[in-house]
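For reference, the structure is listed below as structure tokens.
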Amino acid sequence: MTSRAETPRVPFLDLKAAYEELRPETDAAVARVLDSGRYLLGPELEGFEAEFAAYCETDHAVGVNSGMDALQLALRGLGIGPGDEVIVPSHTYIASWLAVSATGATPVPVEPHEDHPTLDPLLVEKAITPRTRALLPVHLYGHPADMDALRELADRHGLHIVEDAAQAHGARYRGRRIGAGSSVAAFSFYPGKNLGCFGDGGAVVTGDPELAERLRMLRNYGSRQKYSHEMKGTNSRLDEMQAAVLRIRLAHLDSWNGRRSALAAEYLSGLAGLPGLGLPVTAPDTDPVWHLFTVRTERRDELRSHLDARGIDTLTHYPVPVHLSPAYAGEAPPEGSLPRAESFARQVLSLPIGPHLERLQALRVIDAVREWAERVDQA
């Protein structure tokens, strides 16, 4: 009989299994790049950009070095810089804020919905000032933000929208892919994303051909042609190796997202009604891709310790609110001013989920959480 100590841990996300599933195609793609002798701005990138744009139901995709670069260059491509304000979520990864700061603009934090981790449009409207140039909604955890309400605000106030879609590859809002119909959306291909590569990578998608051309110049030293620099650009290019890997994985993305959705359904059913445990809420007219499955409880650290003792890996997203991080000391609002963000940071725990998590592993997680909840209820 296998003891608890001998039972394999449930990993938060199994990246090696993702490689093993597609090993033959991936190895062939890598070998193709190596044999080509072309490692930057070549046919693999062109192919991926065309395929990813089509997948996102838009016209252009521009591959860059990271998700944060995608956000920063999108903002720069729209002319946003010093003296401007950009509305950002108070609850998000710090990259959403850093991208704004990198342009010289000021991030203005706005709270999420009370029961959903995306921007609350009612609070967004109150934060708009004459200096506001853009809204930066984050499709957090793979759940689309309320884009109709945000677009109405943006149109009424003459603002840009830059969507942070780093966690939302393939998600849909009112039947359309995230990135479709938007002025610009930024994606990350960090290894742990729904569509991830073997290092850092990112892309900006847009239906605006002029913006796409500016982005291509910005990522390549402000140049269309070598040694002819039309603007102050940077070096932020998605390399051929990563593009080749992403082409392979893009063909499997919908299938992998489907596996995530099936696991999320198991969790939602198996954990329903437990006292003291809040489950994710799916907003109307959205199809999330479950980049993360997060639960909320005031006894988060206790639950995490319990699951760790049962051989189950978890993560906290994100335990320090951005406005309370040392990086924004003296710039952001003080503690207590953004209570919803602080509540999420204190309560959120992400359970294992991913296309290679087995159903029996998910059931093991459910049993362990229910065991904890029963103990709490009896205490």
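Every read-out reported here was derived from the displayed coordinates using simple, explicitly stated rules and does not represent laboratory data. Computed from a prediction, not measured in an experiment: that's the story for all the values here. Note that we place each Cβ from the backbone using ideal geometry, even for glycine, and neighbour counts take in every protein chain shown.
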Estimated vicinal HN-Hα couplings, Hz - segment 212-226 in sequence order (Karplus 6.51, -1.76, 1.60; Gly, Pro = x): 4, 5, 4, 5, 5, 6, 4, 6, 10, 6, x, 10, 8, 10, 3
Top of Arg249, Arg32, Arg219 by mean-square fluctuation, Gaussian network on the chain, Cα under 10 Å: Arg32
Rg/Rh ratio calculated on Cα atoms of segment 253-378 (Kirkwood radius): 1.01
Among Val281, Val86, Val100, residue whose mean-square fluctuation peaks in a GNM of the chain (springs only between Cα atoms under 10 Å): Val281
For Val64, distant residues with modelled amide H under 5 Å away: Gly202, Ala203, Val204, Leu238
³J(HN,Hα) computed for each position of segment 255-267 - Karplus, 6.51 cos²θ - 1.76 cosθ + 1.60, integer Hz, glycine/proline x: 5, 5, 5, x, 5, 4, 5, 5, 5, 4, 4, 4, 4
Long-range HN-HN contacts of Val10 with modeled amide H, under 5 Å: Ile312, Asp313
Check: segment 1-83 dipole with +1 on Lys, Arg Cβ and -1 on Asp, Glu Cβ, in debye: 420 debye
Whichever lysines have a C-alpha closer than 19 Å to that of Lys193, once near sequence neighbours (fewer than 8 apart) are set aside: Lys16
Highest-MSF residue in the chain out of His139, His113, His291 [GNM, Cα springs under 10 Å]: His113
Estimated dipole of segment 307-351 in Debye, rounded to 20 [Cβ of Lys and Arg +1, of Asp and Glu -1, Cα centre]: 140 debye
Calculated from backbone phi, Karplus (6.51, -1.76, 1.60) coupling profile of segment 167-182 in Hz, x at Gly/Pro: 10, 10, 4, x, 5, 10, 10, 6, x, 9, 4, 4, x, 7, x, 8
Test item: Cα-centred dipole of segment 147-201, Lys/Arg +1 and Asp/Glu -1 on Cβ, debye: 240 debye
5 angstrom amide H check on His160, placed H, neighbours 5+ away: Ala134, Leu135
Segment 176-223-segment 52-100 distance, computed between alpha-carbon centres (Å): 8 Å
Candidate lysines - alpha carbon under 25 Å from Lys126, same-chain residues fewer than 8 apart omitted: none
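Rounded to the nearest 500, what is the chain's calculated 222 nm mean residue ellipticity when only DSSP H runs of at least 4 contribute -39500 (n - 2.57) each, over all residues?
Values: 13 runs with 149 residues, N = 379.
Value at 222 nm, helices only, nearest 500: -12000 deg cm²/dmol.
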Debye-sum result for the chain in log10 I(q)/I(0), which assumes one identical scatterer on each alpha carbon, at q = 0.07, 0.12, 0.14, 0.15 Å⁻¹: -0.32, -0.93, -1.22, -1.36
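Only bridges with both residues in segment 35-190 count here: give the DSSP antiparallel percent, nearest 5. Don't skip to the end; give the middle numbers.
Working: 3 of 16 bridges.
Counting only bridges with both partners in segment 35-190, antiparallel ones make up about 20 percent.
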